[in-house]
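A.B. asks: Got a structure for you, questions after.
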Amino acid sequence: MDSTTQITARLKTDEYENFDIRPLAGRIGAEILGLDLSQTLSDETVDNIRQALIKYKVIFFRRQQLTEVSQVAFARQFGVVTTAHPMLPSLPGHPEILEFDYGRMDNRTNQWHTDLTFLDRPPLASILRAVEIPSVGGDTLWANTVTAYQDLPAPLRSLANELWAVHSNTYNDYAAATVNISQKRQELGKVFTSTEYQTLHPVVRVIPESGDRSLFIGAFVRQFRELSVDESRQILKMLQSYIMRPENTVRWRWEQGDIAFWDNRVTQHYGIDDFGSQPRRVQRVTIAGNLPVSIEGIESKSVKGDSSAYNRLNPA
């Protein structure tokens, strides 16, 4: 047994029938070993992957041999696949896939966010595939928003429990938000904000399968209900600081073919912008989610914009 095998063996803490799992950090993240995702998985294996996802929040599969078609097929085993994006164009010929080609579109995601929270039904989960990866740089960070909530001192937890946030794809001050960015980025921003969405979400949402409470905030929060923009900005910064604590995060160094599969309800992520002009191309598929629910059992409410086309039933 070589040293790598010994380390992997020591880190295995869960027993699953059809694969091995290696935790990557103390609070979030695990790598699943021994599966070929291009094959149809058994119901038992799919169920075990679901369990691992709920426990670890984000799971990774190294060097998979997936195509656009087989990536979508893999995603369909876990739920209804959405269209690629409410506003941005899909990969040609693949209406379920959003491609991030950083050389072509400059759509870098170097801010902490949860995918598409400006919709009333944000995705349950996202599945990202590495197509072309820089030789160095371009890692992605994920954060556990459940342990971040648990870290809050009791007075802050009580405050968060009562807050509702307006999430939007547009900005209170668009000029300020778009200053000092590239022309490509500005053009992308115009498409991204071409249809305005606003949704009122609880700052703390309850996850049905586990009963966990998660801080549901991030880059699309514009204001807290009944608070001013300035007050909202200060409270958001304070709550967000707990999510970004290193102990709540995991960092993944990509290789071509890698798959990252994360629970969008209980995580935020950040694409590190440190790869300069090197090519970086990844493709994302999202699984349809439900309306978030507050501690009191109150569902999120759409304020502006209709997301039904994005969440349409998209069978095989």
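A.B. asks: Relative to the present Cα-Cα distance, how much length would full extension add between ARG157 and LYS55 at 0.36 nm per residue of separation?
C.D. replies: Here the segment from ARG157 to LYS55 would lengthen by 34.5 nm.
A.B. asks: Between SER241 and GLN77, what FRET efficiency comes out of the Förster formula 1/(1 + (r/R0)^6) with R0 = 30 Å and r the beta carbon distance, rounded to 0.05?
C.D. replies: Calculated value: 0.25.
A.B. asks: Quote the charge dipole size of the range 195-299 about the Cα centre in Debye, to the nearest 20; the model charges only the Cβ of Lys and Arg (+1) and of Asp and Glu (-1).
C.D. replies: I would put it at about 240 debye.
A.B. asks: Right, another one. For the chain, what is the calculated [θ] at 222 nm in deg cm²/dmol (nearest 500), taking -39500 (n - 2.57) for each run of four or more DSSP H residues and dividing by its residue count?
C.D. replies: -7000 deg cm²/dmol
A.B. asks: Quantify, in whole percent, the carbon and sulfur part of the accessible surface of the chain (1.4 Å probe; protein heavy atoms only).
C.D. replies: Within the chain, the accessible surface is 49 percent carbon and sulfur.
A.B. asks: Set the Förster radius R0 to 35 Å, insert the Cβ-Cβ distance between ASP20 and SER228 as r into 1/(1 + (r/R0)^6), and round the FRET efficiency to 0.05.
C.D. replies: With R0 = 35 Å, the Cβ-Cβ based efficiency is 0.10.
A.B. asks: Can you give the Rg to Rh ratio of the chain, both from alpha-carbon atoms, with Rh computed by the Kirkwood formula?
C.D. replies: 0.95
A.B. asks: Length gain on complete extension for the stretch ASP36 to ARG63, per 0.36 nm per residue less the alpha carbon to alpha carbon distance?
C.D. replies: 8.8 nm
A.B. asks: Accessible area per residue for the chain in Å², computed with a 1.4 Å probe and the full protein assembly in place, what is it?
C.D. replies: Solvent-accessible surface per residue comes out at 46 Å².
The values are calculated or read from the model by the stated rules, or taken from the named source; none is laboratory data. All values reported here derive from a predicted model rather than from experimental measurement. Positions of Cβ are backbone-derived with ideal geometry, glycine not excepted, and every protein chain shown enters the neighbour counts. Accessible surface is based on the protein model in full, side chains and every heavy atom, while ligands, DNA and RNA are left aside. Shrake-Rupley method; radii C 1.70, N 1.55, O 1.52, S 1.80 Å.
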